[in-house]
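Notes follow once the structure below has been shown.
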Amino acid sequence: MLLDLDGVSVIRVERLEDGTRRVHLATADTSARACPVCGVFASRVKGAATTRPRDLPYGERHLELLWHKRRWWCREVSCPRKSFTEQIPQIPAGARLTERLRCAAGRRVRDAGSTVVQAARDLGLSWPVVMDAFRVAAGTVIEAPLPGVRVLGIDETRRGRTRWEQDPDTGKWQLTRDRWHTGFVDALGTGGLLGQVEGRTVADVLAWLSTTSLAWRKSIRHVAIDMSATYRAAIRTGLPDAIVVVDHFHVVQLANKMLSLVRRRTTAEIRGRRGRAADPEWKARRRLLRNREDLTDEQFAKMWNPLLDEGRIGQILLTAWIAKESLRTLLALARTAADREQVRHARWKFLAWCADSDIPEVRTLAATVDRWWPEIAAFIDTGHSNAKSEGINRVIKLVARNAFGFRNADSQRLRTRCVTTRRARGHLRTAQLRRPGFPHTGHAGQHNIPAAGDGLVELGQIRLSAKEIGVLSAVFRQLQRPVKQGL
């Protein structure tokens, strides 16, 4: 009961000179004298043995366990095992670790997001032992069936440098390790990272999809991607019934890149050099990429007045900036229940403005948007994005940074799969603490705030004035308003 280790009992505990506690154990399970080969219970003792299995830390220091057990003669004549030592499920024969210590080491890496080195330091184990325990513990994550997915997110992330090896027979160099990983994410639910595959070609995506069941693939209604023709071709082949949705972030990013290209080219053509700190367009390079609604009137005037005073440079940048904002206005119709006429009108305004401009970058942007219009229209209709894929990519890079890089790509995929599915497995839920006497409704962010009145209002042990109650009521009303989905 003291150690909560089934099969053994504590005889005595002594403290050594260095402060370590030594715990002497004896066998308390009668099944420990059963032969591990034939199962016959032994009755004749051959001798005594002492082992020192390591266990979980207890308090600030590790415990030193000494298990005083016996060696038995097997009384079955036909049994090839003549003698054996006592063993229990938590401490098998020849084991140097308890099973709960081994399982705890694997769970630290799988569920707590700890690195293998840190888990080994905390538990006093070696790197290979913790890594083997993690592989065993991660088997439950890999072997678990994939959750049902309605919106699938596909995105790539860079893992490191490519690796080439020369074929000894032909002498040709072959790619043995790609620098890219393609991830498959539950973009609408909480399934997290569903899987990863090395590479980002059509064949790589189809190879992973072929490992899933036909019923699971048919349940996917939409697939969110960036503006990648490779992924779009793979989806049309592997998921012909799914609708491809382009993430609006990448569309706006494309417009911002267009605006930066226009600024650099215009500066080079008119000034005959690269931009300098004294140039108005160089000073406004950051604000040009910001959203119009995020700029105050003072910032907006401070940006455009010097640019327009420059003449042609300002006019060209203004034309490109309006094209960018027109595209954002078109994308902002998502999640607003806009009808087809509103979308058609906003699209016509954007394309007409780009067509009337004499700026090649603006026309290229319009051609790209027109070429990807079915996928962009799907985003406006559904509002689905690939934001969860981007968030998981950030976690993948964080895991690689904490581990100081991975030399084994298979181990990297296993680690990232476990870390990015912790929420789906219930390992990121914090304890819901509440103060004594404070009203609790069972839902986060919903509390009964009394109306402001005369005098003091008492909430358990908290006494607030009427003015403070009014301020809190206003704050909670602001928090309960729906968040505006801006771009």
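The values are calculated or read from the model by the stated rules, or taken from the named source; none is laboratory data. Given the structure is predicted, the values throughout are model-derived calculations rather than measurements. Every residue, glycine among them, receives a Cβ derived from its backbone with ideal geometry; neighbour counts consider all protein chains shown. Just the protein is used for accessible areas: all its heavy atoms, side chains included, with ligands, DNA and RNA removed. Shrake-Rupley method; radii C 1.70, N 1.55, O 1.52, S 1.80 Å.
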Worksheet item: What is the stretch 48-189's relative contact order, in percent, from Cα pairs under 8 angstrom and six or more apart in sequence?
Response: 15
Discussion item. Could you tell me the extents of the stretch 135-258's C-alpha atoms along the three principal axes, largest first, rounded to whole Å?
Written reply: 48, 47, 27
Item to complete: Please list the non-local residues whose amide H lies under 5 Å from the amide H of R335, H modeled 1.01 Å from N, same-chain partners needing a gap of 5 or more.
Response: G383
Worksheet, complete the sentence: hull vol. (C-alpha, convex hull) per residue for the chain, Å³ -> 313
Worksheet, complete the sentence: The long-range amide H neighbours of F84, using H built 1.01 Å from N in the peptide plane and a cut-off of under 5 Å, are W72, C74
Discussion item. How many angstrom lie between the Cα centre of the stretch 155-196 and the Cα centre of the stretch 114-136?
Written reply: 26
Item to complete: Show the residues, 5+ positions off or on another chain, whose built amide H is closer than 5 Å to the amide H of R177.
Response: R163
Worksheet, complete the sentence: Computed over the chain: longest principal axis from alpha-carbon atoms vs helix 340-356 long axis, angle to nearest 10 degrees, is 60
Item to complete: Can you figure out the FRET efficiency of L295 with R12, using R₀ = 60 Å and their beta-carbon distance, to the nearest 0.05?
Response: 0.20
Worksheet entry | 0 to 90° range, to nearest 10: angle between helix 229-238 axis and the chain longest Cα axis | 60
Worksheet entry | Cα-based Lys pair tally, the chain, threshold under 28 Å, eight or more apart or on separate chains | 22
Worksheet item: Separation of the stretch 206-247 and the stretch 295-348 by C-alpha centroid, Å?
Response: 33
Worksheet item: Residue by residue through the stretch 71-86, which ³J(HN,Hα) values in whole Hz follow from phi under the Karplus form 6.51 cos²θ - 1.76 cosθ + 1.60 (θ = phi - 60°), with glycine and proline marked x?
Response: 9, 10, 8, 7, 8, 7, 5, 7, 6, x, 8, 7, 9, 7, 9, 5
Item to complete: Using DSSP, restrict attention to beta bridges with both residues in the stretch 1-112 and report what percent are antiparallel, rounded to the nearest 5.
Response: 75
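So what's the stretch 17-70 giving for Rg/Rh, alpha carbon basis, Kirkwood Rh from the mean inverse pair distance?
1.11
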Worksheet item: Using the beta-carbon distance between S31 and Q174 and R0 = 51 Å, what value does 1/(1 + (r/R0)^6) give for FRET efficiency, to the nearest 0.05?
Response: 0.40
Discussion item. Quick check on the chain: helices-only [θ] at 222 nm, where DSSP H runs of length 4 and up contribute -39,500 (n - 2.57) each and the sum goes over total residues. Nearest 500, please.
Written reply: -13000 deg cm²/dmol
Worksheet item: Can you give the % of DSSP beta bridges in the chain that are antiparallel, to the nearest 5?
Response: 75
Worksheet item: Can you tell me the accessible area per residue over the chain, all protein chains present, probe 1.4 angstrom, in square angstrom?
Response: 58
Worksheet, complete the sentence: The correct pair for the stretch 318-439, radius of gyration to one decimal and Dmax as a whole number, both in Å and from Cα atoms, is 22.3, 68
Response to the item:
Rounded to the angstrom and largest first, Cα extents along the principal axes for the stretch 50-154 equal 64, 41, 21
Worksheet entry | Crossing angle, helix 360-371 versus the chain [Cα axis fit, 0-90 degrees, rounded to tens] | 60
Worksheet entry | Relative contact order computed over the chain (Cα-Cα under 8 Å; 6+ residues apart), in percent | 11
Discussion item. Computing the accessible area with a 1.4 Å probe over protein heavy atoms, can you report the carbon and sulfur percentage for the chain?
Written reply: 51
